[in-house]
1. Filter the stretch A:307-331 down to residues that are assigned to a loop (DSSP other than H, G, I, E, B) and at pLDDT 80 or above and give me whichever is farthest from B:Gln229 (Cα to Cα).
2. Can you pull out the residues in the stretch B:524-561 that are more than 14 Å from chain A (Cβ to nearest Cβ), free of Cβ contacts under 8 Å to residues at least 60 places away in the same chain and of a type in the set (Asp, Glu)?
3. Within the stretch B:142-158, how many residues turn out to be in a helix (DSSP H, G or I) and surrounded by fewer than 20 Cβ atoms within 10 Å (Cβ to Cβ)?
4. What number of residues within the stretch B:435-473 satisfy the criterion of being aliphatic (A, V, I, L, M), in contact with a helix residue (DSSP H, G or I) (Cβ under 6 Å, 6 or more places away or on another chain), assigned to a loop (DSSP other than H, G, I, E, B) and over 20 Å from B:Thr339 (Cα atoms)?
5. When the stretch B:344-369 is examined, which residues are found to be more than 11 Å from chain A (Cβ to nearest Cβ) and in a helix (DSSP H, G or I)?
6. In this structure, is B:Glu372 more than 10 Å from chain A (Cβ to nearest Cβ) and either modelled with pLDDT of 85 or more or in contact with a Leu (Cβ under 6 Å, 6 or more places away or on another chain) (or both)?
7. For residues in the stretch A:254-269 being out of contact with any Ser or Thr (no Cβ under 6 Å at 6 or more places or on another chain) and of a type in the set (A, V, I, L, M, F, W, C), which is surrounded by the fewest Cβ atoms within 10 Å (Cβ to Cβ)?
8. Does the stretch B:548-560 contain any residue that is surrounded by fewer than 21 Cβ atoms within 10 Å (Cβ to Cβ) and of a type in the set (Asp, Glu)?
Protein chains: 2
Amino acid sequence: MRSPIERYLRDLHQELSGLKDGVPFQGIPAMADADPDDFAICLATVDGHVYEVGDSRTDFTIQSISKPFTYGLALEDHGLDAVDRKVDVEPSGDAFNEISLAHDTGRPANAMINAGAIAAASLIKGSGGRDGFARILDIHSRFAGRSLDVSERAFASESATGYRNRALAHLLRSFDIIEDDPERAVENYFRQCSIRVNARDLALMGATLANGGRQPLTGEQVVDLETVQRMLSVMLTCGMYDDAGAWTSAVGLPAKSGVGGGLMAVLPGQLGISVYSPALDPHGSSVRGIAAVRRLSAEMGLHFVKAARIGRSAIREHFPITDAPSGVRRSREAIDLLTEQGHRAQLVELHGDLLFAGAESVVRHVSSLPEEVEIVLLDVRKVDEVNDVALNLMEELRQKFEVDGRRMAVIDDAGRISEVLCAGRTPLFPGSTEAIEWAEERLLRRHGGPGLVPSTVALPDFAALAPLTEEQIAALEERMEDREYHDGELIRRSGQKFGGIYFIVSGRVANSTVRDGHRVRYTTLGPGMTFGEIALGGGAPVRVRAEEKVRVRLLSADAIERLERDDPELALALWKAVAVDAYTRVEQNLQEVAVRDRD
Amino acid sequence: MRSPIERYLRDLHQELSGLKDGVPFQGIPAMADADPDDFAICLATVDGHVYEVGDSRTDFTIQSISKPFTYGLALEDHGLDAVDRKVDVEPSGDAFNEISLAHDTGRPANAMINAGAIAAASLIKGSGGRDGFARILDIHSRFAGRSLDVSERAFASESATGYRNRALAHLLRSFDIIEDDPERAVENYFRQCSIRVNARDLALMGATLANGGRQPLTGEQVVDLETVQRMLSVMLTCGMYDDAGAWTSAVGLPAKSGVGGGLMAVLPGQLGISVYSPALDPHGSSVRGIAAVRRLSAEMGLHFVKAARIGRSAIREHFPITDAPSGVRRSREAIDLLTEQGHRAQLVELHGDLLFAGAESVVRHVSSLPEEVEIVLLDVRKVDEVNDVALNLMEELRQKFEVDGRRMAVIDDAGRISEVLCAGRTPLFPGSTEAIEWAEERLLRRHGGPGLVPSTVALPDFAALAPLTEEQIAALEERMEDREYHDGELIRRSGQKFGGIYFIVSGRVANSTVRDGHRVRYTTLGPGMTFGEIALGGGAPVRVRAEEKVRVRLLSADAIERLERDDPELALALWKAVAVDAYTRVEQNLQEVAVRDRD
């Protein structure tokens, strides 16, 4: 099925194909004969999907769209301050080929005009056996995600006729903005303008910028986020030459055009956009390129103001752990204590982005919890994006929260957040069940004493046998076998048929099941609890494993069969108890599911 | 507990209090005597929380920070094109009080310099019994969320000494940029500069812009999103006068300063920021204001490039409905058919924002589903933000998807998305259980015929009684009573004690429970299924209501008691069957929960 986005791009391409204004750049023969009907539109997402319409694999020379990339390399090589001393970041309000040097220092107004771009090219020195230009070509290739090359014909032609740029280079040398050979700088500049790309390359170069400097296909971090910030800022204020204000108002995307007919625009965090169409307007920008990006921004809501996420709370829900108990079966006394004290432990489920605004809402929420809340379980599994600012705020929050013996724990399965936040200081759980169990036992010990988390339970104290008389329990016990398992031992395999009812006297076992190749641990059972009955439902895909040394009393399936023959009345009482116990579990499950499905 | 953000702001305030550069504006006596030690920093979130540090309730005059607001009102009154004919949107590169009129038309370069602001003020006419200035004051008040007033002393003083601005007004009149009385325009401009605000007001005015024009406290949509887009674009490119490029590179936030000592900055979608400190730098901006916003942007990651959300997929998970069955109990044949055909129905759970990038990923995913997938259930309950572009893409997706008899359904509890997407054309469900049940029955009818969704089931065909012999079932049937319920009739109340086992012969019942005051429907039962057993677990908070005319066979609690006395062997078989059936349910629940807990 064709995607509506492809359909949209095809319609846009079709419609703008009718736009016949402008002519290809006439300055050099290599470009004057470009086919004015060539036309491509591409979108590349930050996860590396590329929509391509039209002549997206047709090569053309990158021209001025190289300027931000060489500038970016200069920033990486020398740092912001050193580069700023050579090239300013102010819009000139002039055309691309204006001189625009500060009258006192000779500093070019910005790196998007030719003077600034030549100055930037002069800053790229050879390194590691490669000369300056090889490094310029290399950074372009890494942004594109493939090896690019140079149109020697275009280069020869530019080099032969580029008097004005050659003049600029010498002028920059006279001001010591260029400190070495101005001929080398301007030749490298001519060469960089002659790098061959296609529209798909440009879209991916834009997507690499959108993705904070990480190339979506190769995964390489090509430049730092700080460098990207500067590149996109300068593109936004100076990229579209003398129409910067109108461009920002109407389109609101950092962009750069080249006289080769290319145009690249970037929606930070989301998209790289490119258009190729060689017919140019009087400013030297592609006529269809400008039209297409204007339409895309307006119709797809890409302007930086519209694309801004309305910063909703990062808190998806929060509730006391009594709303979603761990499912560990406990004594009446323990249940009562948790009912009474459970509000002291809160689970806070986060989602969306933890950038400043998201972290702010979490910090605000946790900071304003009443003193009586002594445990906070932060469930970060649904968080999308996190930055350092958020991590630092959260870590500071944790420290403040834990001052008076309160505790924070994190539920995380990916580790991005817990790496910083926990780092050995904070309990970390892969799922909410385990975290809630930990919180429950902390509350039980703190507010009820250790007796509420028993280490050994005798058969008459099992909740599952509550409906039976003491005599009946004693009679059942005679039919049971003792079993012991060591830490890590497998007790029940997935899909095994009913083998009897296991009564845990001491130790803990973990139940897990498999979904899509992932093993999911869903509950832990301890003394006073039973397992094995679920196989009555027909080979349940449940695995039971000892988590420490475990002692059980097993009423085996065979023993139950014998019981049914020998003592139908006791068997009836047993099965009734099993049924009642089962429905107690169904009800508990129901409560949990109801909570999960809320909102 | 004090929030780390408050702590951070207090530390920043403390540290920058040591910055003693600059002096208050000396142009008029009303401002020259401002206390240079006054200092406030405020942050206002788009949900209306305001962090205030320092002298945040001290009044000062708004001065040039009024320019974007009056410009916004002009845009609302006349539209973009009409205003653009009077005031351009290009950075001037000049100081705020430069003349900067186009040499041919006299059009001011932008609305952030005085000439453009006076032109914008001239465009505000009286309306609805209020004169132009009352309307200017009103729009400022609506942005701030409270009634503001004017410092008459500052106004008198500005009016008496503002020769240059008066000259600008007459010059604009000479070019017909101002079309009526230039004195009225410049007087209104002086008055608007004299509007009294405090730092808290400015932060909320910024937050209103961040929030797309909706005031966070009053909830009023003060101006359109299109107007906000233009206001913030012009602030970004022209707001900080001659340092626009450096400001954008380092700070990356639309901002505006005033000689009264105020500074307002906006992080679209997230925050309004304000600083008040009257000592000014040579450009006329607050020294501490500039320093504080630079620090906040760098340390909190607020630059537009850094604050951009890395556009992850909006798809949280997707799975065939066989991974999370509805829980409706069905015949063996129906279960087999669903096991075989269930992959034809997919549930796609979305989260995060559905702006362009999010919608793109959904459209891409659904478009690339194989032909055999004939039902898609879009669960949009966890979606945060949606825009029209996304809605249109999704509606187009739906139309394309449904061309060959495929169907899309939506799971939504808020209605934002389904309003557009469904509008009577597409099934809409409040929860996933109902949606999956609908999908299952559609598959059963389509691939298996109507027999798999039976309307009447006889007792021997009940899954729950499968372990019993025909004779045992017949003996049980003799002990049952017939019951009929009309559509909507309450069959079991929440918390009622065990009253027996209800066997549904025909019709459907809905089970629901209550959580936090919300009734949650969690399953629907039909012919061949039973209910009532859950009360064995002890007064479950479950309500059962007939959804149409329902016929049941009831084996009452009394009848079961009599059975236990009269025929212990049959009672044993019954209880064993109930226990087995219960664990079948426990296992089903487990499967559902395991799916939910995955990832």
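1. Among residues in the stretch A:307-331 that are assigned to a loop (DSSP other than H, G, I, E, B) and at pLDDT 80 or above, the one farthest from B:Gln229 (Cα to Cα) is A:Pro325.
2. Within the stretch B:524-561, just B:Asp558 meets the criteria.
3. 4
4. Qualifying residue count, the stretch B:435-473: 1.
5. The one that is more than 11 Å from chain A (Cβ to nearest Cβ) and in a helix (DSSP H, G or I): B:Arg344.
6. yes
7. The qualifying residue surrounded by the fewest Cβ atoms within 10 Å (Cβ to Cβ) is A:Val259.
8. Within the stretch B:548-560, one or more residues are surrounded by fewer than 21 Cβ atoms within 10 Å (Cβ to Cβ) and of a type in the set (Asp, Glu).
The values are calculated or read from the model by the stated rules, or taken from the named source; none is laboratory data. Note that the structure is predicted; figures quoted are calculated from it, not measured. Methodologically, a virtual Cβ is constructed for each residue, glycine included, from the backbone with ideal geometry; neighbour enumeration extends over all protein chains shown.
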